[in-house]
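Reviewing the structure listed below.
Readers should treat all values here as calculations from the given coordinates under stated rules, not as data from a laboratory. Predicted model, so just to flag it, every value in this text is computed and none were measured. With ideal geometry, Cβ positions are generated from the backbone for all residues, glycine too; neighbour counts draw on all protein chains shown.
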């Protein structure tokens, strides 16, 4: 069965399945889901735990043997398989399918991996887990859900943050839930009465926000220039490769062009959320926007003089319909 992360605790109270696959790129939420399964297993007598790290040198025969062998003291056992890439290969896929289908009351199979690509998510070994056990997919938290998520965590810690404190903490930890949780735990220690204001957040936290190129695409498609520039600066600080950033900008450019021409560029956002591109009045011609995108690409490839990141910031202003600098034509 497929289990939503927020429904996992309830499912575990109902019964413990013989196998669980937990996948996703959000380390905090994936780790908490795995901890919940381990706690439920320990409560039902699974006192042993064997962990197999399946990188390139991983031994799949050892995984099979771990499931097949009985404990020396006849105790129930968690067999945990960790795959950083989510791609077990042909041998690994066969081994996972076999151990999941073999089951047994004395073994609990836990498979932990990063985000699964679509073709892997439809593979035989993943379907075997769906039939025999539970598949928990952890998605990144969309920005609009971050403040409610922080509020829920604050209630658990008995913290009473102001709205300004929540907004500031959300801004400084966006895309990095592990940092957000750590900041809340730090604030819990620094504020014995539980009251948190913006000054307390500023004094205790650093800017730990992380962005992906999908966030830039969304901000540009929505015409949100301040956010687009903040995301762009964050990507630059993190050392994200320029070709990926250019890809996101060009994707948004095509969507805006289609929306403005009546093409209705309706598309789901990155990760399954986010609005379609919105028609807007561009301050410059579409041809000038395309030319600026070409200049940024030329700078990124070293064919033109100039800073590609600065050119992308100007392109963001153009795409969002804000007045920017005129396009230079003599810097080649």
ask   = GNM on the chain, C-alpha springs below 10 Å: top fluctuator among 142, 192, 88?
value = 192
ask   = How far is the Cα center of region 37-64 from the Cα center of region 77-147, in Å?
value = 13
task = Pop the C-beta distance of residue 202 and residue 6 into the FRET formula with R0 = 41 Å and round what comes out to the nearest 0.05.
result = 0.85
ask   = What ranking of 110, 1 emerges when the number of other C-beta atoms within 10 Å of each C-beta is taken as an exposure proxy, fewest first?
value = 1, 110
query = Relative to the first principal axis of the alpha-carbon coordinates of the chain, what is the inclination of helix 242-260, with its axis defined by its Cα atoms, in degrees from 0 to 90 and to the nearest 10?
reply = 70
message = Taking every alpha carbon pair in region 2-138, what does the distance histogram look like in 10 angstrom bins from 0, in percent?
response = 12, 48, 35, 5, 0
ask   = If r is the Cβ-Cβ distance from residue 90 to residue 241 and R0 is 41 Å, what FRET efficiency results, to the nearest 0.05?
value = 0.85
key: Nearest-ten-degree value, helix 213-222 long axis tilted from longest Cα axis of the chain   = 50
query = So, in nm, how far is label residue 261 from label residue 121 when the simple model puts each one 7 Å beyond its Cα toward the Cβ?
reply = 3.1
When region 114-168 is reduced to its Cα atoms, the Kirkwood hydrodynamic radius in Å = 14.2
note = Note: region 143-204 at 25 °C, 0.890 mPa s; Kirkwood Rh on alpha carbon pairs; Stokes-Einstein D in µm²/s works out to 220
task = Would you kindly state how much longer the chain becomes between residue 49 and residue 310 on full extension, computed as 0.36 nm times their sequence separation minus their alpha carbon distance, in nm to one decimal?
result = 88.8 nm
query = What is the fewest-to-most order of 186, 77 by other Cβ atoms lying within 10 Å of their Cβ?
reply = 186, 77
ask   = If one takes the longest principal axis of the Cα atoms in the chain, at what angle in degrees, from 0 to 90 and to the nearest 10, does the Cα axis of helix 177-190 lie?
value = 80
task = Please build a GNM for the chain, connecting alpha carbons under 10 Å apart, and tell me which residue among 123, 205, 23 fluctuates the most.
result = 123
Theoretical ellipticity at 222 nm over the chain - DSSP helices of four or more residues, -39500 (n - 2.57) apiece, nearest 500 = -16000 deg cm²/dmol
request  = Rank these for me by crowding, 14, 117, 32, going from fewest to most other beta carbons within 10 Å.
outcome  = 14, 117, 32
inquiry  = Springs between alpha-carbon pairs under 10 angstrom, Gaussian network model over the chain: which of 82, 227, 155 fluctuates most?
reply    = 155
remark   = Computed Rg/Rh for the chain (Cα atoms; Rh = Kirkwood radius) stands at 1.06
task = Please work out how much length the chain gains when fully extended from residue 254 to residue 186, using 0.36 nm per residue of separation minus the C-alpha to C-alpha distance, in nm with one decimal.
result = 20.1 nm
inquiry  = Expected output is a single nm value to one decimal: the length gained when fully extending between residue 102 and residue 153, i.e. 0.36 nm times separation in residues minus the C-alpha distance. What is it?
reply    = 14.5 nm
